[in-house]
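Read the structure below first, then the notes.
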Amino acid sequence: MEEVAAGAWAGLVGTVLGYPLDVVKGRMQTGKGVAGSGAKANFARTLVSIARAEGVTGMYRGLGPPVCMMMVMNSMNFGAFYHMRDKLAGANPVGWGTERPWIDWRVVCAAASVGPLCAMVSTPFELVKLQVQLDAANHSRTQLAATKPATDRNASPIGYVRKYSGSAHAARQLLKTHGPRVFFLGHGVNTARECVFNAVFFSAFEHTAHGFETEAGLSPAMATAAAGGVAGAAGWLTNLPLDCVKSGIQGQCLGDGRGGWDAGRGARVGFVEAARAVGGRGGIAGFFAGAAPSLARSFVVSGSRFTAFTGAMGAFRAVRERAGASLTESEIGRD
């Protein structure tokens, strides 16, 4: 139960700190750096474009779903991973700076096994998050002029009209228009993405955390943060091709429900179409679009997430120890 609570806290801390970079990543991966333009842009230009077009609040649009998702998902995956790790490989440290300096594939398998469980939670939340993040890009003023007045309260600072007022509104509209099946659009590729990410993420942390403390001489807190940053960077770097395809599928303009997922173009965007679109924008390099914000975000998010998790577990242990000491003192006093 402590792992569940500590995982939820870790999800909250990491997501809030890294969310603006996640918005930039989503725009770069889908080629929608500026609303409605489809222009290719690097990290800096995309960041500036979002700030100018949608204001500072645009950097936190759609924050609700990922916060909820990561609190729920981290409460499950941290607990599930460490349970499976103890069952398959035991609790002793592995990797750099230990008596077992090689890669322990039992730890890797334990980490990968968390993927399908995570995907059941992350797929619908990722869908809503991307639809809100790309709202202004998918639904420009020219697209909605016939149905939205110029003074619409959802208009951005420079005139783009948003279809959704927020995450809850987006979820309701998507359900009403497309039915519940829309929330699992891209579920197959997202499941594969979660398996790859968790396999690398947890394994990299477990194989480096001990070494950062004993070999590099870092304090326990700094070693945890450093190992978490390395784990996040490694996880996202190997995960980016699938993440780009997933973003293309879930970030497509879903239309009005009368002409398929993409009523505007009359074609549904699936795995093949999304992969071709990603490759068409930049060849192999296109599958690593958003690498700069992803890697920067991974150090911030993953380092803080593992630090928050281990800090919470330490706090729980301290509470247990104090409770045990108080109980012992009261028993002695009665004697």
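The values are calculated or read from the model by the stated rules, or taken from the named source; none is laboratory data. All of these numbers come straight from a predicted model, not from anything done at the bench. Here Cβ is always computed from backbone atoms with ideal geometry, including for glycine, and neighbour counts include all displayed protein chains. Note: areas computed on protein heavy atoms with side chains; ligands, DNA, RNA excluded. Shrake-Rupley method; radii C 1.70, N 1.55, O 1.52, S 1.80 Å.
Return the residues of segment 43-80 that are open to solvent by 70 Å² or more (accessible area, probe 1.4 Å) and more than 28 Å from Trp9 (Cβ to Cβ); say none if nothing qualifies.
Answer for segment 43-80, where residues must be open to solvent by 70 Å² or more (accessible area, probe 1.4 Å) and more than 28 Å from Trp9 (Cβ to Cβ): Arg45, Arg52.
Which one of these does Gly95 not meet: (1) touching a residue at least 60 places away in the same chain (Cβ under 8 Å); (2) open to solvent by 20 Å² or more (accessible area, probe 1.4 Å)?
All conditions are met except number (2).
Filter segment 216-240 for residues that are open to solvent by less than 60 Å² (accessible area, probe 1.4 Å), part of a helix (DSSP H, G or I) and of a type in the set (S, T, N, Q) and give the result.
Matches in segment 216-240: Thr224, Asn239.
List the pairs whose first member sits in segment 223-234 and is more than 11 Å from Ala209 (Cβ to Cβ), whose second member is among the basic types (Lys, Arg) and in a helix (DSSP H, G or I), and whose Cβ atoms are under 9 Å apart, counting only residues at least 6 apart or on separate chains?
What qualifies is Gly232/Arg297; Gly232/Arg305.
Which of the residues that make up segment 19-43 are modelled with pLDDT of 75 or more and either of a type in the set (Ser, Thr, Tyr) or touching a strand residue (DSSP E or B) at 6+ places or on another chain (Cβ under 8 Å) (or both)?
Answer for segment 19-43, where residues must be modelled with pLDDT of 75 or more and either of a type in the set (Ser, Thr, Tyr) or touching a strand residue (DSSP E or B) at 6+ places or on another chain (Cβ under 8 Å) (or both): just Tyr19.
Whether any residue in segment 180-187 is at pLDDT 90 or above and either more than 23 Å from the chain's Cα centre (by Cα) or of a type in the set (D, E, K, R) (or both) is what I want to check.
The answer is yes, given that some residue of segment 180-187 is at pLDDT 90 or above and either more than 23 Å from the chain's Cα centre (by Cα) or of a type in the set (D, E, K, R) (or both).
Residue by residue, here is whether (1) modelled with pLDDT of 85 or more; (2) among the charged types (D, E, K, R); (3) assigned to a helix (DSSP H, G or I) holds:
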residue: Leu254; (1), (2), (3): no, no, no
residue: Ala274; (1), (2), (3): yes, no, yes
residue: Ala285; (1), (2), (3): yes, no, yes
residue: Arg305; (1), (2), (3): yes, yes, yes
residue: Ala312; (1), (2), (3): yes, no, yes
residue: Phe316; (1), (2), (3): yes, no, yes
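Residue by residue, here is whether (1) in contact with a Gly (Cβ under 7 Å, 6 or more places away or on another chain); (2) among the hydrophobic types (A, V, I, L, M, F, W, C) holds:
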{"residue": "Phe43", "(1), (2)": "no, yes"}
{"residue": "Glu54", "(1), (2)": "no, no"}
{"residue": "Met59", "(1), (2)": "no, yes"}
{"residue": "Pro66", "(1), (2)": "no, no"}
{"residue": "Met69", "(1), (2)": "no, yes"}
{"residue": "Asn74", "(1), (2)": "yes, no"}
{"residue": "Tyr82", "(1), (2)": "no, no"}
{"residue": "Asp86", "(1), (2)": "no, no"}
{"residue": "Gly90", "(1), (2)": "no, no"}
